[in-house]
Amino acid sequence: FILVTYFMGGIVMGILLVTQQQGMYTAVGIYTGDMKAAALALFICLGYMTMKQIIKTVRNRKLYTEHTYEAEIVIGEHIIKASAFFDTGNRLKDPLTGKPVAVASERFWNRLAEEMLQETARFALVPYEAVGTKGLMYAVRTDHIEIAGKKSRGCLIARGEREFMAGADGTDNTGCVSNGYDLLISGEMVE
């Protein structure tokens, strides 16, 4: 609130300097001199839009910070650390066991598959259906995935087709401000 107050005060002072108005401060507020009502309305609209964008950015950062986790994946003797994002839309399940499926970014999948080349018995196919598309995803079976102190045994990690990057700063559509995630996890893995 204090930062927004200083920011908005700075905008008002900048506007007064740019328009070369003789403003003065009084106990009841700011006197803007002979500034036209249209200019004042324009500056109020700009201030409102700026405030709205600041609130949106803070809300996005908070949302995505609260849904980011560190994951530890155990596959045989391999222990792999990953950054995970709780995706409320991830409802993928292994059709054989009913266990939840995490979706790996393309970069993370390549790293994971490279380590698992000798353990071909762990690879599987997972059917998926999304808006306007359906098909099969390559997946690897884990011994367990530990996220936020909860172990999910027998989960799968499926291959995603893209990177999961941050959004509020213009990188992608997930809305988060970070370098990206390795996994999109379901609620069953953290709740």
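Residue by residue, what Karplus-based ³J(HN,Hα) values in Hz, rounded to whole numbers, does the stretch 125-132 have, using 6.51, -1.76 and 1.60 with θ = phi - 60° and x for Gly and Pro?
Here the 3J(HN,Hα) series is 10, 10, x, 9, 9, 10, 4, x Hz.
Can you list the residues, at least 5 places off or on another chain, whose amide H is less than 5 Å from the amide H of Gly180, using H built in the peptide plane?
Those lying under 5 Å, H to H, from Gly180 are Ala166.
Let me know the Rg and Dmax you get for the stretch 46-121 when you use only its Cα atoms, in Å.
For the stretch 46-121, the Cα radius of gyration and maximum Cα-Cα distance read 18.3, 60 Å.
Filter Lys93/Lys150; Lys99/Lys134; Lys52/Lys134 down to the pairs with a C-alpha to C-alpha distance above 28 Å, please.
Beyond 28 Å: Lys52/Lys134.
Which aspartates and glutamates, on any chain, are close to Lys62 with Cα under 16 Å apart, when same-chain ones fewer than 8 places away are left out?
Partners found: Asp87, Asp169.
Among 91-102, 54-65, 124-135, how do they line up by average Cβ neighbours within 10 Å per residue, starting with the highest?
91-102, 54-65, 124-135
Sorted by accessible area (1.4 Å probe), largest first, how do Val12, Val103 line up?
Listed by decreasing accessible area, they come as Val12, Val103.
At 0.36 nm per residue, minus the direct Cα-Cα distance, what do Glu106 and Leu136 gain on full extension? Give it in nm, one decimal, please.
9.3 nm
How far is it, in nm, from the label point at Glu188 to the one at Val58 when both lie 7 Å from their Cα along the line to the Cβ?
Here the answer is 3.8 nm between the modelled labels.
The values are calculated or read from the model by the stated rules, or taken from the named source; none is laboratory data. Quantities reported herein were computed from a predicted structural model and do not represent experimental measurements. Using ideal geometry, Cβ is built from the backbone for each residue, glycine included, and neighbour counts are taken over all protein chains shown. Surface areas here come from the heavy atoms of the whole protein model, side chains and all, with no ligands, DNA or RNA. Shrake-Rupley method; radii C 1.70, N 1.55, O 1.52, S 1.80 Å.
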